[in-house]
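Student: Take this structure first; my questions come after.
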Amino acid sequence: MFLEQVVPDFEAQSTQGPLKFYEWLGDSWCVIFSHPADFTPVCTTELGRIAVHFPEFQKRNCKLLAHSVDDVGKHVDWVNDIKSYCLDIPGDFPYPIIADPERNLAVQFGMIDAKQRNDAAVAQTVRALFIISPDKRLRLSMTYPASTGRNVDEILRCIDSLQLVDRIKIVATPANWTPGEKVMILPEVTDEEAEKMFPRGVDRVSMPSGINYVRTTTKYQ
């Protein structure tokens, strides 16, 4: 899938029962994150830490949906392992893991090649992560190797950035940005427009090129 593409609706079985994606999503944001198989060590840590941070996703009106090509029975056993390993998960396991034994979703989301879907030796899904906005559009995707676990703080930071630029459409967030720090004003915005949008202050940076394109503000809250 490509950024800004509408994510198609789908139905799947999950650890929390049958799931119709559009109906389940409602007007929320969503993070879908995939795993090549159940009972894999790095993925176990990821699902556990994401579960621990579930309240932070709730604050951002963001639902969580894990994906693995194994069946629901294996998923349930895996959830029990995850809860045993991550003892700081509050209460019940908070989000569903969808089953995809036929690899239909894996193919639909571009996580495996359709020609390899029935070859167990190679048909393992990539470790993909998708952030989807309430209008069902893909807003961000990340792909991780099997050796590198996801960073939950980075996922939350990306959601914060996407939600901010949806609210204030003439800004972008710079490298290492976190909420409350300066944002960049888009180059297509004139100085006059920027002053009107941010009357409490716009900072300009003089560049050797003489081109006026680095402008920031912290006065956007």
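The values are calculated or read from the model by the stated rules, or taken from the named source; none is laboratory data. Remember, it's a predicted structure, so these values are computed and weren't measured experimentally. For neighbour counting, all protein chains shown are included, and Cβ atoms are generated from backbone atoms with ideal geometry for every residue, glycine included. For the accessible areas, the whole protein counts, side chains as well, though only heavy atoms, and no ligand, DNA or RNA atoms are used. Shrake-Rupley method; radii C 1.70, N 1.55, O 1.52, S 1.80 Å.
Student: Step through the table entries K20/K219; K20/K83; K83/K169; K83/K219; K20/K182, compare each Cα-Cα distance with 32 Å, and write down the pairs that go over it.
Tutor: Working: K20/K219 41 Å; K20/K83 26 Å; K83/K169 40 Å; K83/K219 42 Å; K20/K182 39 Å.
With Cα atoms farther than 32 Å apart: K20/K219; K83/K169; K83/K219; K20/K182.
Student: With a 1.4 Å probe and every protein chain left in place, work out the accessible area per residue of the range 128-221 in Å², rounded to a whole number. Show your work: numbers first, answer last.
Tutor: Values: 5260 Å² over 94 residues.
Solvent-accessible surface per residue comes out at 56 Å².
Student: Let me ask another. Which residue fluctuates the most in the chain, going by a Gaussian network model with Cα springs under 10 Å, if the choices are L47, L164, L87?
Tutor: Checking each option, the largest mean-square fluctuation is seen for L87.
Student: Moving on. Over the range 32-81, with every protein chain in place, what whole percent of the accessible area is carbon and sulfur at 1.4 Å, could you tell me?
Tutor: 56
Student: Please give me, ordered by residue number, the GluC sites (Glu not before Pro) of the range 1-37 that lie in loop per DSSP and have at most 11 other Cβ atoms within 10 Å.
Tutor: Passing sites in the range 1-37 are E4.
Student: Okay, next question. Of the candidates A194, A66, A99, which one comes out as most mobile in a Gaussian network treatment of the chain with C-alpha springs shorter than 10 Å?
Tutor: Highest fluctuation among the options: A194.
Student: Of all DSSP beta bridges located in the chain, what percent are antiparallel, nearest 5?
Tutor: 65
Student: On to the next question. Report, in debye and to the nearest 20, how large the dipole of the range 180-221 comes out about its Cα centre when Lys and Arg carry +1 and Asp and Glu carry -1 on their Cβ.
Tutor: Once rounded to the nearest 20, the dipole reads 160 debye.
Student: A further question follows. Grab the Cα-Cα distance for D77 and N104, subtract it from 0.36 nm times how many residues apart they are, and report the gain in nm with one decimal.
Tutor: Stretched fully, the D77-N104 segment lengthens by 7.5 nm.
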